[in-house]
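Q: What follows is a single structure, and I will ask about it in a moment.
The values are calculated or read from the model by the stated rules, or taken from the named source; none is laboratory data. What you see is a predicted model, and the numbers here were worked out from it, not measured in a lab. All Cβ positions, even for glycine, are placed from backbone atoms using ideal geometry, and neighbour counts span all protein chains on display.
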């Protein structure tokens with residue numbers, strides 16, 4: 001199993017609510033995405049504002065997810081409001 005973890009820092013003037021809700025809506029829609037958690041930072045001034053923790057059966061499934069048009073559309077929305085992003089894929 002692969003755990004795909006992504007963190008974002010958003011522009012100060014941005015409201016990430018639409019992005020985060022559209023991201024959450026991908027659960028159960030893209031078959032390769034087995035599980036997903038999305039959390040917003042509870043601490044003001046954190047290095048990152050939100051995190052995605054998602055599970056896939058394989059790295060190939062992560063790549064299929066990344067290229068899925070539904071994910072690409074949500075990702076484009078994120079790119080318009082973020083100032084930073086970091087990601088890691090770990091094998092469980």
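Q: Residues of the stretch 37-88 being in a strand (DSSP E or B) and in contact with a helix residue (DSSP H, G or I) (Cβ under 7 Å, 6 or more places away or on another chain), which ones?
A: 38, 50, 52, 56
Q: Considering the stretch 23-45 alone, what residues qualify as being modelled with pLDDT of 95 or more and under 19 Å from residue 84 (Cα atoms)?
A: Those that are modelled with pLDDT of 95 or more and under 19 Å from residue 84 (Cα atoms): 23, 38, 39, 40, 41, 42.
Q: Separate question: Residues in the stretch 27-36 that are part of a loop (DSSP other than H, G, I, E, B) and either exposed (fewer than 12 other Cβ atoms within 10 Å of the Cβ) or touching a helix residue (DSSP H, G or I) at 6+ places or on another chain (Cβ under 6 Å) (or both): how many?
A: 6
Q: Residues of the stretch 49-71 being touching a strand residue (DSSP E or B) at 6+ places or on another chain (Cβ under 6 Å) and either crowded, with 16+ Cβ neighbours inside 10 Å or closer than 12 Å to residue 36 by Cα (or both), which ones?
A: Selection gives 49, 50, 51, 52, 53, 54, 55, 56, 62.
Q: Is the stretch 16-26 home to any residue that is within 14 Å of the chain's Cα centre (by Cα), surrounded by 14 or more Cβ atoms within 10 Å (Cβ to Cβ), touching a residue at least 60 places away in the same chain (Cβ under 8 Å) and under 19 Å from residue 92 (Cα atoms)?
A: No, the conditions are met nowhere in the stretch 16-26.
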